[in-house]
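The block underneath contains the structure these notes are about, expressed in structure tokens.
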Amino acid sequence: MDKRNLKWTGAALASVIALWAGSAAADDIRFMCAADGNECATLEALFARYEKDNPGTHVVIDVVGYKAILENLPVQLAGGTGPDMALVTDFGGLAKYFLDLTPYVDANYWNTNFGNTLRWSRTGPDDKGIYGMNIQLTITGAYINKTLFEQAGVAVPGEKATWDEWAEASRQVAKATGVPFPMAMDRSGHRIAGPAISNGAKIFDDAGNPILVDAPFADFMGKFVNWNKDGTMAKDVWAGIGGTSYQDAAQEFINAQLVFYYSGSWQVQRLDKAIGDSFDWEVVGSPCGPAACSGMPGGSGLVGFKQTKNPEAVAKLINYIAQKDNYAEFIGKTRNVPAHEGVAKEGVAYTDASQNVAKALKGWNAQIAKLSPIAYSYQGYKNSRTMYNITVQRVTQAIVGEMSIDEAMEKAKQDVEAAIQSAGK
């Protein structure tokens, strides 16, 4: 055999394979996905059904850790090397990269069913674009250990109970049962924003400029700092770590060391699996302030990116998931709260959910109507993450005694002014 001919044949074959692979890749939709539960797997099944009906489309799913979405994806998009689609949580910060789906979808359908969250990705009141959808709405709020309330003989506060009333009840339960922590809140500027807004914080001035700190905001932060100092709040959640690092108190709640836990709807599956039959727990939502009984909305968005070579294919795939039946199927199987208003109104059948999970999710669904418009605006603001981080840093400094709450709030004001000036708006 002529070895020179064999070598040439191998090179030619490699070239053909490379050309074929390049052509195939050009037709692919690459999707980056990170999730706490079965969201990526559920989307994969829905995508497979779409592919069967649309033979020209092939979705390649890259399942990554949430840190990759938070830190690596923005770098990739800035360099023009990102995926065609992704699940994201930073709507405002990444909005400049989002693909406008408007030319390919029914705008009336989208605005009717996703109106409250579409604005999170828009640049201003004149922007009517459709930049993807909130595929799973999250809501911040509280869980309680109901068994501890029963053991203590303390009545569970009612639906319109205030933060002060919940604090007093939680202290009574902790004292009667001997558990170490009456209350805890995740170390997060997003988590503490809902209580501040309920207390009357506006976050923005009348012209729409971010201010963060006003009298109601400072008032709640002062109350929160005092609760950390007097033992009402589990102090180590906020004071046990530095910088802007996130810390939750789920394990303390799971271990029955905590009466009242302020976190959010995404914890349902984790709590159900970890707690089992150890004790009864339930969702009580957000305590009330003088202005509202609001938590903060959030969640993941299914979005496409401008840099894709297949904008129409990406838009049609996202639009497929957005259709009511498909969206309801996703929410039911992943046990999330719907952002689709039509699905929310009709209710969701949570497939194979335990009685506890179904009850908890029903409780979270009931919180949607209580969300303040300010909470929606704050979550959608492009520099909200910066403001969340400022809140965490300055409030923690007041908790650990590095400065007074008044000094911390003044520093937070200055931080926001400097950050917004640096960002250009």
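General remarks:
- Search result, residues across the stretch 356-372 that are in a helix (DSSP H, G or I) and either aliphatic (A, V, I, L, M) or within 23 Å of GLY92 (Cα to Cα) (or both): VAL357, ALA358, ALA360, LEU361, ILE368, ALA369, LYS370
- Search result, residues across the stretch 266-290 that are of a type outside the set (Phe, Trp, Tyr) and closer than 21 Å to GLY158 by Cβ: ASP280, GLU282, VAL283, VAL284, GLY285, SER286, PRO287, CYS288, GLY289, PRO290
- A count restricted to the stretch 332-355 and to residues that are surrounded by 18 or more Cβ atoms within 10 Å (Cβ to Cβ) and either farther than 14 Å from ALA369 by Cα or at pLDDT 90 or above (or both) stands at 13.
- Subset of the stretch 348-369 (residues that are over 14 Å from ILE144 (Cα atoms) and not hydrophobic (A, V, I, L, M, F, W, C)): TYR350, THR351, ASP352, SER354, GLN355, LYS362, ASN365, GLN367
- Lone qualifier among VAL225, VAL268, VAL284 - being over 25 Å from GLN397 (Cα atoms), outside the structural domain of PRO125 (by TED's automatic domain parsing) and at pLDDT 95 or above: VAL284
- Contacts under 7 angstrom Cβ, first residue in the stretch 357-381 being without any contact (Cβ under 8 Å) to a residue 40 or more places away in the chain, partner part of a helix (DSSP H, G or I) and surrounded by fewer than 19 Cβ atoms within 10 Å (Cβ to Cβ), 6 or more apart: ASN365/ALA344
- None of ILE203, ILE211 is in the same structural domain as SER263 (by TED's automatic domain parsing), crowded, with 21+ Cβ neighbours inside 10 Å, in contact with a Phe, Trp or Tyr (Cβ under 8 Å, 6 or more places away or on another chain) and within 28 Å of ARG385 (Cβ to Cβ) except ILE203.
- The selection criterion, being in a helix (DSSP H, G or I), in contact with a Ser or Thr (Cβ under 7 Å, 6 or more places away or on another chain) and surrounded by 15 or more Cβ atoms within 10 Å (Cβ to Cβ), holds for ALA375.
The values are calculated or read from the model by the stated rules, or taken from the named source; none is laboratory data. Since this is a predicted model, take the numbers as computed values, not measurements. Neighbour counts run over all protein chains shown; Cβ positions are idealised from the backbone, glycine included.
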